[in-house]
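**Q** Okay, here's the structure, questions in a sec.
The values are calculated or read from the model by the stated rules, or taken from the named source; none is laboratory data. This is a predicted model, so every value here is computed, not measured. Cβ placement follows ideal geometry from the backbone for every residue including glycine, while neighbour counts extend to all protein chains displayed. SASA here: full protein model, heavy atoms, side chains in, ligands and nucleic acids out. Shrake-Rupley method; radii C 1.70, N 1.55, O 1.52, S 1.80 Å.
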Amino acid sequence: MNLKINRLQHIGIPITDIKKSEAFYERLGFENVMSSTFTEHGAEGKVSMMRLNEIVVELYQMPEPELTEIKQRRNGRIDHVAFDVDDIDKTFATLKGEGFEIPESEPVFLNFWKNGCKFFFIIGPDGERLEFCQIL
């Protein structure tokens, strides 16, 4: 398999209060480098990318608590690890061709960053979610 992964892109963490979490990470030296919204089941969620040097943490708040497992995450939980790729469509085709479990039927576009991004997940043997993402 010929798969090119550049680097760890970000770690996604589900949170319950975006402003409170942003302030927490800012106290650690992180800077908010991107804020946006997303739609989940017709409601609006919030996301912030917090960066410290080369470390990026994605904080995301689901629109309604019942739309996520967050109520069960009493001690916190990393939701996914994201890898940066140069060609999301080629990466998708390669991993699909290799038989990896991919929940998405194609890479998904989000209006994040300046020009958007496209991503998809693969599911690991213990249910872990590994994201492949290209910032456009």
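**Q** Of the residues SER35, SER48, SER21, which is open to solvent by 30 Å² or more (accessible area, probe 1.4 Å) and modelled with pLDDT of 85 or more?
**A** SER35
**Q** Between a residue in segment 11-30 that is polar (S, T, N, Q) and any residue that is assigned to a helix (DSSP H, G or I), which pairs come within a Cβ distance under 7 Å, given they are 6 or more apart or on different chains?
**A** THR16/ILE70
Results for (1) loosely packed, with under 11 Cβ neighbours inside 10 Å; (2) at pLDDT below 95; (3) outside any strand (DSSP E or B), shown as yes or no for each residue.
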{"site": "GLU58", "(1), (2), (3)": "no, yes, no"}
{"site": "ASN75", "(1), (2), (3)": "yes, yes, yes"}
{"site": "ALA82", "(1), (2), (3)": "no, yes, no"}
{"site": "ASP89", "(1), (2), (3)": "no, no, yes"}
{"site": "ALA93", "(1), (2), (3)": "no, no, yes"}
{"site": "PHE100", "(1), (2), (3)": "no, yes, yes"}
{"site": "PRO103", "(1), (2), (3)": "yes, no, yes"}
{"site": "GLU106", "(1), (2), (3)": "no, no, yes"}
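**Q** Within segment 108-128, which residues are modelled with pLDDT under 95, within 26 Å of GLU54 (Cα to Cα) and open to solvent by 80 Å² or more (accessible area, probe 1.4 Å)?
**A** ASN111, LYS114
**Q** Being touching a helix residue (DSSP H, G or I) at 6+ places or on another chain (Cβ under 9 Å), within 16 Å of PRO63 (Cβ to Cβ) and part of a strand (DSSP E or B) is the filter here, so list the residues in segment 1-38 that pass it.
**A** PRO14, ILE15, SER35
**Q** Residue check: is LEU3 over 13 Å from the mean Cα position of the chain (by Cα) and under 18 Å from PHE83 (Cα atoms)?
**A** yes
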